[in-house]
Amino acid sequence: MKSRYSIHLLKYLFAVFMAATIHSASSFAQVTFTESSPKREVRAIWLTTLNGMDWPHTYAQSASSVEEQKKELCHLLDLYQQAGINTVLLQTRIRGTVIYPSAYEPWDKCLSGTSGCSPDYDPLAFAIDECHRRGMELHVWIVTMPAGKWNGPGCINLRKKFRNLIKRIGDEGYMNPEDSRTGDYLTKICTEITEKYDIDGINLDYIRYPEDWKRKVSEDQGRQYITSIVQKIHDAVKSLKPWVKMSCSPIGKYSDLPRSMSYNWNAYDRVCQDAQEWMHKGLMDELFPMMYFRDNNFYPFAMDWEENDYGRIVAPGLGIYFLSPQEQNWPLTDITREMEVLRQIGLGYTFFRSKFFTDNIKGIYNFTKNFNISPALVPIMTWEHKVPTDTVYNIYVSDHYPVDINNSRNLVIGRLPKKEMEKYLIKISPWHYAITEMDRFGYETPWIEKRSYRQDAEKKLKKVGIIR
């Protein structure tokens, strides 16, 4: 097992150098980007539904307002796609309430305006289809321990279901991580979603002790309780669909480092969240650490995540909300230099949260469009045992033949479902093209490569049944 304290000096100095170099640019236009962006890289965003913070901003109370709510989501997804985002973390379980028809929990009010009331469509199914149409993965974001206000609908529902399971801290309720019923129940929620929907991942948020919890057990015992919950969910999901990525959003600093303190705000000690060990044990495929920091509070800890990823995927969360003058009014370069360093060390990035991105606070959206010169596929799940899966398709185009599918600049769009192939053929003419087949683990194999204009491409694709 790699030590969590093994910060390599050269890599640390490189990160500091990169950060200083990028910070010296007076605007993002002066940053010199690499000739191409990586072919595989997680570029993610958290889409918050709590109180409609990111979406929806309209209530679904009639046929026309349902369409307006759908249209609003599609607009956001279009913006993500245009900026190169390939992973959407959609808040699906909010505070003991959900945005899909569940056998266990009531509808959240963000959709219809009324708690427990259906919006008369399935928002999760709709979001999955729309993300996949645009070549993006959708991961359901599950808020685990918090149950919301003590007298709120989610908390009341859980209190009725389970005697003495929900603990009160102030005016909020929390599921007790030390009670085995918590892991069993959260597993049912995740199993229900995995069985019913074509999701790409499950992102466990707040899978830890609340920071104000008066814990009476040791830290080691506390970590065992949290790990037990993760294990239950992992085993259930992977037994159904092993390609569904298990992830969580841990505290951004895993633990104290020899030269960098966490100041009592870290995952391992403060809230018993052993996220690096979860990767080591294979319980997590991906991590989205909440690294809403900058400078020396960011770079050493980013290196620590990279050095202890055990070959899994890490895409640190960046606090772009701090760019807002109403928050901490960070300069844009505080975020952009973090993005550049993360790319240099082979990590992805995740924006918290959507509204600040699509509102283009301080130019973050424009910067990202320039930063992501071409689309990107997500990394391959090389650690998983392969089983047959359905396939998706990647399209490459070039003015040279044969088309080089290893050149990220040639990628037009990735992970398209079969039914979406036809519309993208229009974009091929008059280029040479290559279409590859990819399974749900991310393994890519050559499928069609042809020097052709659109008419010949259509004829070939009709022959093999991709289009009619």
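The values are calculated or read from the model by the stated rules, or taken from the named source; none is laboratory data. All figures in this text were calculated on a predicted structure; none of them were measured in a lab. Glycine also receives a Cβ, built like all others from the backbone with ideal geometry; neighbour counts cover every protein chain displayed. Surface areas here come from the heavy atoms of the whole protein model, side chains and all, with no ligands, DNA or RNA. Shrake-Rupley method; radii C 1.70, N 1.55, O 1.52, S 1.80 Å.
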Note down the net charge around VAL66, summing +1 for each Lys or Arg and -1 for each Asp or Glu among other residues with Cβ under 13 Å from its Cβ.
-> -3
Under the 7 Å Cα-to-Cβ spin-label approximation, TYR104 and ASN329 lie apart by a distance in nanometres of 4.5
Relative contact order, percent, the chain [alpha-carbon distance under 8 Å, six or more residues apart] | 17
If the chain between ARG215 and LEU50 were fully extended at 0.36 nm per residue, the gain over the current Cα-Cα distance would be 56.6 nm
Taking a ≥ b ≥ c as the square roots of the eigenvalues of the Cα gyration tensor of segment 267-313, is the shape rounded (a/c under 1.5), prolate (a/b larger than b/c) or oblate?
-> oblate
For a label point 7 Å along the Cα-to-beta-carbon line of GLN224, residues of segment 165-186 with backbone N under 14 Å = 178-180
So how many Lys-Lys pairs in segment 182-247 land under 23 Å Cα to Cα, not counting same-chain pairs under 8 apart?
-> 11
Compute, for ARG343, the solvent-accessible surface of its heavy atoms (probe 1.4 Å) with the complete set of protein chains present, and express it in square angstrom to the nearest 10.
-> 30
Pop a pseudo-label 7 angstrom from the Cα along the beta-carbon direction at both THR445 and ASP179 and give the gap in nm to one decimal.
-> 4.9
Cβ-defined net charge surrounding VAL143, 13 Å radius [Lys, Arg +1; Asp, Glu -1] = -1
When Lys and Arg each count +1 and Asp and Glu each count -1, what net charge do the other residues less than 14 Å away from VAL392, Cβ to Cβ, add up to?
-> -3
In percent, what relative contact order does segment 282-430 have, based on Cα pairs under 8 Å that are 6 or more apart in sequence?
-> 18
Assign one of three labels to the chain, namely rounded, prolate or oblate, based on the Cα gyration tensor with a ≥ b ≥ c the square roots of its eigenvalues; rounded applies when a/c is under 1.5, prolate when it is not and a/b is larger than b/c, and oblate otherwise.
-> oblate
For LYS369 and GLU72 in one chain, what is 0.36 nm times their gap in residues minus the Cα-Cα distance, to one decimal in nm?
-> 104.9 nm
Here FRET efficiency (C-beta to C-beta, GLN82 to ARG259, R₀ 56 Å, nearest 0.05) is 0.90
Per-residue ellipticity at 222 nm attributable to helices in the chain (runs of n ≥ 4 DSSP H, -39500 (n - 2.57) apiece, nearest 500 deg cm²/dmol) works out to -10000 deg cm²/dmol
Once the Cβ-Cβ distance between SER115 and ASP171 is put in as r, and R0 is 22 Å, what FRET efficiency do you end up with, to the nearest 0.05?
-> 0.85
